[in-house]
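Have a look at the structure below, then the notes.
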Amino acid sequence: MHVTLVHVHVKPDHIDDFVAATKRNHEASIREAGNRRFDVLQSPENPGQFVLYEAYVSAEDAAAHKQTAHYLAWRDTVADWMAEPRQGIRYEGLFPQG
C-alpha cells in the first residue's frame, strides 16, 4: 500500500475555506478505484495544522490521483491559503494487507 502523510499549515483567516475545499477533494478522492483511505485530520491545539492521510493500492494509483480534476482544483484553490508549502512524507503501508 502506498501511503503519504501530507502536513499542511493553513493561514488562520483561511481555515474554514481550506476545510470546505479539502472536503470536496476528499469526497472525490475516496471514489477513485485505487484509493483505500483519504483521511483529513485537524489539530485541536492548532486549528491551522492539518494532516492528510492518503492511502492508495499502488504508487501508480497515487500518481493517477495527482492528475484528477478534483486534485488539481484543490491544489490550485488552496495554494495561497497555506502559511508554508505543504510537505508530503511517503510511507509503505504494512497492515492491513490485501
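We did not get these values from a lab; they are worked out from the coordinates using the rules stated. Everything quoted here is computed from the prediction, not taken from an experiment. Reconstructed Cβ throughout: ideal geometry from the backbone, glycine too, with neighbour counts over all protein chains shown.
Residue by residue, segment 49-57 carries 3J(HN,Hα) couplings of 9, 10, 10, 9, 9, 10, 10, 10, 4 Hz when phi is fed to the Karplus relation 6.51 cos²θ - 1.76 cosθ + 1.60 (θ = phi - 60°); x denotes Gly or Pro. Structural size metrics of the chain, computed from C-alpha coordinates, are Rg and Dmax of 13.2, 42 Å.
Loop-located trypsin sites (Lys or Arg not before Pro) in segment 58-87 (DSSP state other than H, G, I, E, B) with a sparse environment of at most 11 neighbouring Cβ atoms within 10 Å: Lys66.
For segment 17-74, what is the convex hull volume of the alpha-carbon atoms per residue, in Å³?
75
Roughly what angle does helix 69-78 make with the longest principal axis of the chain, taking Cα atoms, 0 to 90 degrees, to the nearest 10? Helix 69-78 sits roughly 30 degrees off the main axis of the chain.
Summing Lys and Arg as +1 and Asp and Glu as -1 over all other residues whose Cβ lies under 15 Å from the Cβ of Ala59 gives a net charge of -2.
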